[in-house]
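Asker: Below is one structure. I have some questions about it.
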Amino acid sequence: MKPVDFSLYLITDRSQTSGRPLPEVVRSALAGGVRAVQLREKDLADDEFLELARLLRDLTREFDARLFINSRVDVALAVGADGVHLGAASASVDEVRRRCGSDLLIGYSSHGLEEAHRAVRSGADFITFGPVFATPSKAAYGAPVGCEALQQAIETLPVPVFALGGVKPENLSSVREAGCSRVALISAVTAAPDPGRAVGEILSEMGGAQPTAIHHELRINSYGHYLRRRFGCRISKVNVDAGFTCPNRDGSKGAGGCIYCNNVSFSPRETQPVIPLEEQLAAGMAYHRQRLGSEKFIVYFQKYTNTYASVDILADLYHRALAHPDVLGISVGTRPDSLSSEALDLLTELAEQRYVCLELGLQSADDAILERINRGHTVNDFITAVNRAAGRNMDICVHLIHGFPGEQPEEFLKNAEMIASLPINSVKLHQLHAVEGTELAAMYRRGEFVPLTLESYVATIADFLERLPARVTVQRLYGSAPLEIQVAPRWGLKNNQMWFSVINELRRRGTWQGCLAVKSAFSGAPAML
Ligand code: SF4
């Protein structure tokens, strides 16, 4: 499939060229930088339309640009166009997709969010959305949808969205403020005295086309891509073990810890507490540089409860991590009931200058489950912690586990609704798995813990992602442990294999993250970062 790699989509209208021949105007626009043209001209007779399509095909090829034909799939195929542009009055998207497979890109004109979602579910590769502003040429499509709806479309669709209708140089800044970096234009180009110059000015005002939050191929808002969008380079998280313990193990909140907890299961072997932080960091960064080509790093304080110390100790550790020139920020894993005001203020101060992610372990939004797993805090403790951390310029991540004894998939899905109602930016998910040295392993051997099957986990995670707002980034979908301590389940998957199992399930369904959460995008939840 060809990529939608253009940010200005020129739609023809020969009634708005001030008497100049349309090919002359299109040539000028192509010379100015247009990379995609849609031939519209619905009123032309078949033979004239075909002739003009052939002419524009030659012109667009000359400039290495894409050609789209409005509605007429037969003409698109006859002239070797790159795609077709459909709408409510044309053949349906799925019918055209069935007929043409991936040979043709499909654009779709939508005038509302639900219509746009339907078109993408049917297979549209990009959307023109509008009219965003009042314009006589789109008066038949009703009142303008406005920039707020445009922003919601961009945040909730996994394909590029082009602002259409009344877009002019004077309102481009509003379009950009809505997070939109792609425009579909008619008169702003065709009626301009110098179309090429108008295109150049608009393109420089728009900047480059930004990738969508929901990755077109992955169908989710992955944390890796979010970091890349935000910082413009390849970033890895590097685990360090700063020698913390946990109040749910040392007796101050509880004893014995959570029933599944064996910290060996979530710590790379290089991160032993005896090794100075700087050495752990150097080893972790070298590993990620060599393996993934990572350029910058986020130091991940993962093991145990990483705010469970005096603020002086915390300040020393966090500052040492941030001192490395290739470190962009820190990610701090902790319990929601172990976040002192001093620790929160320290993180807030750091977040004024650097990237800070506060990772709060919740595991389940059901108090009965939290009690059964000896978690030692409540759901309300978590909500309180989220609200205390909100508005402090840091990302808030929630950690959830699926597969607790007695937990039904529907109960797990309620976590997505709770996340939608809170200022949470990011989520980590994994399956409940028993590892050696834990109460859960003993329960498994006594027959009191029956692990999920891989198929049911993948299906429920896909269900969850469909309900998770598109603004929330996904950091993890799978938990793994060293082979020698794995008890059950033993799925034998690598992390990326689980990602692709879930992504393939979403693709099979024709869905994506947030496609069932459109309402929550209207509910005043925080905007995507
Ligand atoms: S809160 Fe974390 S570190 Fe503490 S016992 Fe539970 S899983 Fe282990």
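Just so you know, all these numbers are worked out from the coordinates, no wet-lab data involved. Note that the structure is a prediction, hence the values are computed from the model and not measured. For neighbour counting, all protein chains shown are included, and Cβ atoms are generated from backbone atoms with ideal geometry for every residue, glycine included.
Asker: Using unit Cβ charges (K, R positive; D, E negative) and no other charged atoms, how large, in debye to the nearest 20, is the dipole of the range 309-354 about its Cα centre?
Answerer: 180 debye
Asker: Just check the range 223-521 against the gyration tensor rule for me: Cα atoms, a ≥ b ≥ c as the square roots of the eigenvalues, rounded for a/c under 1.5, and otherwise prolate or oblate depending on whether a/b exceeds b/c.
Answerer: rounded
Asker: Using 0.36 nm times the number of residues separating Arg490 and Ser102, minus their current alpha carbon distance, what extension gain do you get?
Answerer: 135.9 nm
Asker: Two-decimal Rg/Rh of the range 326-426 from alpha-carbon positions, Kirkwood Rh?
Answerer: 1.00
Asker: Between helix 22-32 and the chain, what is the angle of the helix's C-alpha long axis to the longest principal axis, kept within 0 to 90° and rounded to the nearest 10?
Answerer: The answer is roughly 40 degrees.
Asker: Follow-up. In straight Cα distance, which aspartates and glutamates are under 16 Å from Lys428, not counting same-chain residues fewer than 8 positions off?
Answerer: Reachable aspartates and glutamates: Glu359, Asp395, Glu417, Asp463, Glu466.
Asker: A further question on this structure: About its Cα centre, what dipole magnitude does the range 1-118 give when the only charges are +1 on Lys and Arg Cβ and -1 on Asp and Glu Cβ, stated in debye to the nearest 20?
Answerer: 240 debye
Asker: Return the unpartnered cysteines for the chain, using a Cβ-Cβ cut-off of under 4.7 Å.
Answerer: Unpaired cysteines in the chain: Cys100, Cys147, Cys180, Cys233, Cys246, Cys357, Cys397, Cys515.
Asker: Same structure again: How many angstrom separate the Cα center of the range 402-451 from the Cα center of the range 1-73?
Answerer: 54 Å
Asker: Something else now. For a quick check: sort Phe412, Phe500 by the number of other beta carbons within 10 angstrom, fewest at the front.
Answerer: Phe500, Phe412
Asker: Any chance you could get the radius of gyration and Dmax over the Cα atoms of the range 8-206, in Å?
Answerer: Reported Rg and Dmax, both Å: 15.7, 43.
Asker: Here is a follow-up. Given the options Gly200, Gly123, Phe68, identify the residue whose Cα lies farthest towards the positive end of the charge dipole of the range 8-206 (+1 on Cβ of Lys, Arg; -1 on Cβ of Asp, Glu).
Answerer: Checking the options against the dipole of the range 8-206, the answer is Gly123.
Asker: Related question: Which order do peptides 229-238, 151-160 fall in by mean Cβ count within 10 Å, highest first?
Answerer: The peptides rank, most packed first, as 151-160, 229-238.
Asker: Okay, next question. Just the Cα atoms of the chain: what Rg and Dmax do they give in Å?
Answerer: Answer for the chain, Rg first and Dmax second: 26.4, 84 Å.
Asker: Follow-up question, since we're still on this one. Could you pull out the pairs from Lys253/Lys296; Lys253/Lys303; Lys237/Lys494; Lys296/Lys494; Lys303/Lys414 whose alpha carbons sit more than 29 Å apart here?
Answerer: In this structure, Lys253/Lys296 exceed 29 Å between Cα atoms.
Asker: Step by step: find N for the range 41-134, compute 2.2 N^0.38 Å, then divide the Cα radius of gyration by it. What's the final number?
Answerer: In units of the globular-protein estimate, the range 41-134 measures up at 1.09.
Asker: Within the set of other residues whose C-beta is less than 15 Å from the C-beta of Asp366, count the net charge using Lys and Arg as +1 and Asp and Glu as -1.
Answerer: Cβ neighbours under 15 Å give a net charge of -4.
Asker: Determine the calculated [θ] at 222 nm for the chain from helices alone, applying -39500 (n - 2.57) to every DSSP H run no shorter than 4 residues and normalising by the residue count; nearest 500 deg cm²/dmol.
Answerer: -11500 deg cm²/dmol
Asker: Out of the range 27-92, which trypsin sites (Lys or Arg not before Pro) are coil in DSSP terms and have no more than 11 other C-beta atoms within 10 Å?
Answerer: When the trypsin sites (Lys or Arg not before Pro) of the range 27-92 are filtered for loop state and at most 11 Cβ neighbours within 10 Å, Lys42 remain.
Asker: Got a sec? Charge dipole of the chain, +1 on Cβ for Lys and Arg, -1 for Asp and Glu; which of Leu432, His215, Ser110 is way out at the positive end?
Answerer: My answer, from the dipole projection, is His215.
Asker: Can you tell which of Ala45, Tyr478, Gly406 lies farthest toward the positive end of the dipole of the chain, using +1 and -1 charges on the Cβ of basic and acidic side chains (Lys, Arg; Asp, Glu)?
Answerer: Value: Ala45.
Asker: Taking every pair of distinct Cα atoms and averaging 1/r, then inverting, what Kirkwood hydrodynamic radius in Å comes out for the range 145-199?
Answerer: Radius from the Kirkwood sum: 11.8 Å.
Asker: What's the magnitude of the charge dipole for the chain around its Cα centre, counting Lys and Arg as +1 and Asp and Glu as -1 at the beta-carbon? Answer in Debye, nearest 20.
Answerer: 640 debye
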